[in-house]
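S.K.: Attaching a single structure in structure tokens format; questions to follow.
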Amino acid sequence: MADEIIIGLEIHCQLHTASKLFCGCDTDFRSDAPNTHTCPVCLGLPGSMPMLNKKAVEYALMVAKALHCEVLSECEFSRKNYFYPDLNKAYQITQYDKPLAENGHILIEGDNGEKKIRITRIHLEEDPGRSVHMGSQERGRYTLVDYNRAGIPLIEIVTEPDLRSPKEARRLLNKMRATLEYLNVFDSEAEGSLRVDANISIKGSNRVEIKNISSYKGVEKALLFEVTRQKNVIRRGLTVERETRHFLESRGVTTSSRSKEEENDYRYFPEPDLLPLQVKSWVDTIILPELPDARRERFKTRYGCFTEHAKTLTGSKKTADFFESVAGNNPALASTWIADYLLGELNYRDMSIDSVPPSHFTDLLNHLATEAITDKSGVEILRAMLDQIAEGKPIETPTAIIARLGLAKTGGDEIAGMIGDVIKENPQAVKDYYDGKKEALNYLVGQVMKKSRGRADPAQLNTLLVSRLTKEE
Ligand code: ZN
Ligand code: MN
């Protein structure tokens, strides 16, 4: 029997509000100098008083509602005490025994079909500042501290240990990211806007916590490493230590870290400068936008998308928005060309879908819909267009690219001529075909394709070539 893997996640997401959680400082700090978005409150100066940002509470409630959580009739903030240079007050304002919301769930694509992952709790807290290690973290000579991030609103979403593989963990994060994007409360592209702590164990063994993984891909990688490491420990008859480990992204490994804080080391107590919150009735007045699952179903019914396409297209808000902006009269073609071609090409170039002008993509779809070009030419045009965007060059329309490269589909006479030439030039292959060697036909089709530079319709070409060879036999 396979060892059962048990994974639970704690996901920290920055809420995309205009100002910080307890002060008026601007949250748009990423391109600014260190320590320029600070004030007495977020610097934790003595005597400064926190004032709760209503928008952050609203955003957190939207997330709670979207994840089917129960909002508590009263929640409160607590101080979590610990010392670290980036935590200037020597405590973090968070929520402890009375969080904002509990007992929710999210649906993911599990290893064996759709699966419900339970959400234990969602709470609001402030982000600490950021330590900038000069040199590497292990051997750096000194560390600088930037408090621009201190006080940025975070929600911490804690799942039950319902995940059974690193892949399921990745799928959960993707679904979570999409949900937060659809709610418009989160900027997934901002650096460090999502950080994950993962608990992982092999059934019957101790649990290990991996701290502060800061990329989507990193979570799956760190967990895969841990699965192998823990299984090896067990195979050698040793015990998996109950410990906290860090993921070193650059080396793809986790390493044991000395810190062994226990819950009671933090000496939580209610934050005396903030009143308890009673927001349960507020959540009923919140109207949520359409979320990924609902949009996926709508894409199937309204546009006739295949299930797989509908899942892919609604997997991110930008992709779904792009699809709807180009679907027009050709939704089937649009879904195929986005899901099967465009996304892969974008991924390969590390580009975002919003860099593609919808009007250009619609132009391409129109040429494909009228069969003015072959699919092969369509891909060539798409690549040419994306390369121009990636290189920051003026972007040609597909119509212009077709004209410049001569990609319009070839007509009957031109193909007939090319077929004749290919038959003349490849007597051996023709003989092989008559001798019943099936692959000879593919070879001949390939030769005509090559001559047409991809402008011949392969299916049509096949039929034409067979009838010509039959005639000449
Ligand atoms: Zn501030
Ligand atoms: Mn936290």
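S.K.: Do we have Gly315 as more than 20 Å from Ser359 (Cα to Cα), surrounded by 14 or more Cβ atoms within 10 Å (Cβ to Cβ) and not assigned by TED's automatic domain parsing to the domain that holds Lys54 here?
M.R.: Yes; evaluated as a whole, the condition is true for this residue.
S.K.: OK, next. Can you pull out the residues in the range 55-103 that are over 16 Å from Asp265 (Cβ atoms), within 16 Å of ligand 2 (Cβ to nearest atom), among the β-branched types (Val, Ile, Thr) and in a strand (DSSP E or B)?
M.R.: Ile93
S.K.: Right, next: Can you list residue pairs whose Cβ atoms sit under 7 Å apart, with the first residue in the range 58-86 being in the same structural domain as His133 (by TED's automatic domain parsing) and the second being assigned to a strand (DSSP E or B) and charged (D, E, K, R)? Count only pairs 6 or more apart in sequence or on different chains.
M.R.: Short answer, once both residue conditions are applied: Cys69/Glu102; Glu70/Glu102; Leu72/Glu102; Asp86/Arg130.
S.K.: Right, next: Going through the range 8-38 one residue at a time, which ones are within 16 Å of ligand 2 (Cβ to nearest atom) and either without any contact (Cβ under 8 Å) to a residue 40 or more places away in the chain or more than 27 Å from Leu67 (Cβ to Cβ) (or both)?
M.R.: none
S.K.: Here's something else I'd like to know. Residues of the range 84-115 being under 28 Å from the mean Cα position of the chain (by Cα) and basic (Lys, Arg), which ones?
M.R.: Lys115
S.K.: Okay, next question. Take Leu52 and tell me if it is in the same structural domain as Glu156 (by TED's automatic domain parsing), at pLDDT 95 or above, in a loop (DSSP other than H, G, I, E, B) and within 16 Å of ligand 2 (Cβ to nearest atom).
M.R.: Against the criterion (in the same structural domain as Glu156 (by TED's automatic domain parsing), at pLDDT 95 or above, in a loop (DSSP other than H, G, I, E, B) and within 16 Å of ligand 2 (Cβ to nearest atom)), Leu52 does not qualify.
S.K.: If you go through the range 404-463, how many residues are more than 48 Å from the chain's Cα centre (by Cα), surrounded by 11 or more Cβ atoms within 10 Å (Cβ to Cβ) and of a type outside the set (A, V, I, L, M, F, W, C)?
M.R.: The qualifying residues number 9.
S.K.: Out of everything in the range 111-135 that is within 18 Å of Phe22 (Cα to Cα) and in a strand (DSSP E or B), what residue ends up being farthest from ligand 2 (Cβ to nearest atom)?
M.R.: So, considering only residues that are within 18 Å of Phe22 (Cα to Cα) and in a strand (DSSP E or B), the one farthest from ligand 2 (Cβ to nearest atom) is Arg130.
S.K.: Another question, if that's okay. How do the pairs read when you match residues in the range 158-183 that are more than 18 Å from Lys65 (Cα to Cα) with residues anywhere that are among the basic types (Lys, Arg) and not in a helix (DSSP H, G or I), using Cβ under 6 Å and keeping only pairs 6 or more apart or on different chains?
M.R.: Asp162/Arg118
S.K.: If you scan the range 96-139, which residues turn out to be of a type outside the set (D, E, K, R) and within 16 Å of ligand 1 (Cβ to nearest atom)?
M.R.: Once the filter is applied, which keeps residues that are of a type outside the set (D, E, K, R) and within 16 Å of ligand 1 (Cβ to nearest atom), the range 96-139 yields Pro128, Gly129.
S.K.: Working only within the range 89-135, note down all residues that are among the charged types (D, E, K, R) and farther than 23 Å from Asn212 by Cα.
M.R.: Lys98, Glu109, Asp111, Glu114, Lys115, Lys116
S.K.: Looking for whichever is loosely packed, with under 12 Cβ neighbours inside 10 Å and either of a type in the set (A, V, I, L, M, F, W, C) or closer than 24 Å to Val63 by Cβ (or both) here; the options are Glu114, Glu109, Glu126. Which one fits?
M.R.: After ruling out the rest, the residue left standing is Glu114.
S.K.: Hey, does the range 456-466 have a residue that's part of a loop (DSSP other than H, G, I, E, B) and closer than 25 Å to Thr336 by Cβ?
M.R.: yes
S.K.: Next question, about the same structure. Can Asn148 be described as under 29 Å from Asp111 (Cα atoms) and part of a helix (DSSP H, G or I)?
M.R.: no
S.K.: Any idea how many residues of the range 199-252 are among the hydrophobic types (A, V, I, L, M, F, W, C) and in a loop (DSSP other than H, G, I, E, B)?
M.R.: 2
The values are calculated or read from the model by the stated rules, or taken from the named source; none is laboratory data. Bear in mind that the values here come from a model prediction, so they are computed numbers and not experimental data. Note that we place each Cβ from the backbone using ideal geometry, even for glycine, and neighbour counts take in every protein chain shown.
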